[in-house]
1. Length gain on complete extension for the stretch residue 112 to residue 45, per 0.36 nm per residue less the alpha carbon to alpha carbon distance?
2. Near the amide H of residue 162, under 5 Å away, which other amide H atoms are found, from residues 5 or more places off or on another chain, if H is placed in the peptide plane?
3. With just the Cα atoms defining each centre, how far is the range 15-42 from the range 66-101? Give it in Å.
4. Picking from 147, 31, 157, which is most flexible by a Gaussian network model of the chain using Cα springs under 10 Å?
5. Ratio of Rg to Rh for the chain, alpha carbon only, Kirkwood?
6. Hey, what do the phi angles of the range 35-42 turn into as Karplus ³J(HN,Hα) couplings, whole Hz, using 6.51/-1.76/1.60 and θ = phi - 60°, x for Gly and Pro?
7. Taking the chain as a Gaussian network, Cα atoms linked when under 10 Å apart, which of 18, 127, 108 shows the biggest mean-square fluctuation?
8. Non-local amide H neighbours of residue 169 (under 5 Å, H modeled in plane, Pro and chain starts lacking H): which ones?
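Values in this text are rule-based calculations from the coordinates and carry no lab data. Remember, predicted model here, so these are calculated numbers, not experimental data. A quick note on method: Cβ atoms are made from the backbone with ideal geometry, for glycine too, and the neighbour counts reach across all protein chains shown.
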Amino acid sequence: WCPPERNFLKEFYTDAKGQEWTNATGWIDEFNNHCEWHGVECNEEDKVIKLMLGNGGLSGRISDVISSLTSIETLDLHDNDLKGSIPSGIGKLVNLSSFIVSYNVITGSIPDGFGNLSNLQLLHIHGNRLRGTVPHLASKGQHYSSFISDCGSPSVFDSPLDCPSCTMCCNSQSECD
């Protein structure tokens, strides 16, 4: 029997070109529990709660299967070479408190479902090529939130990303305020 989350992670690994990662210890090894794979942290029920693969040589794209990791609280994929768009199903991850994909090559617009992420406290999406509007983000009773995007000027686009909830805006020269 193979836990569904293990299969979801294997698909993520394939889509993010796992064979090229700087550290893929344990990944897709048939004898290792997926909770022992590098960058994966699980709860007591073996559900993934953290995927921490920042600065790990990931490329390819963020697989749509990420939205199947329904217990995930932290998704940190910063400083990689991920392309494509943010998966539209990301708004289904109601436990997500940290979404960090800064400094990749992600394009497109922010999925509408972001407005459903009421537990979100950290949103770092700067250093990409996103456009449009970030839906209103309301952290649910938290005293601290950090919402950073490329909403400053000058922008690589005619107009910068619109992010009324952002606590910091960065521009195309990597200056943030």
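1. Contour length minus the Cα-Cα distance gives 21.1 nm.
2. 132, 133, 134
3. Distance between centres, Cα-based: 17 Å.
4. Of 147, 31, 157, the most mobile in the Gaussian network model is 31.
5. Values: Rg = 16.0 Å, Rh = 16.5 Å.
Dividing the radius of gyration by the Kirkwood radius yields 0.97.
6. Taking θ as phi minus 60°, the curve returns 6, 9, 5, 3, x, 9, 10, 10 Hz for the range 35-42.
7. 108
8. The list, which skips near neighbours in sequence, is 177.
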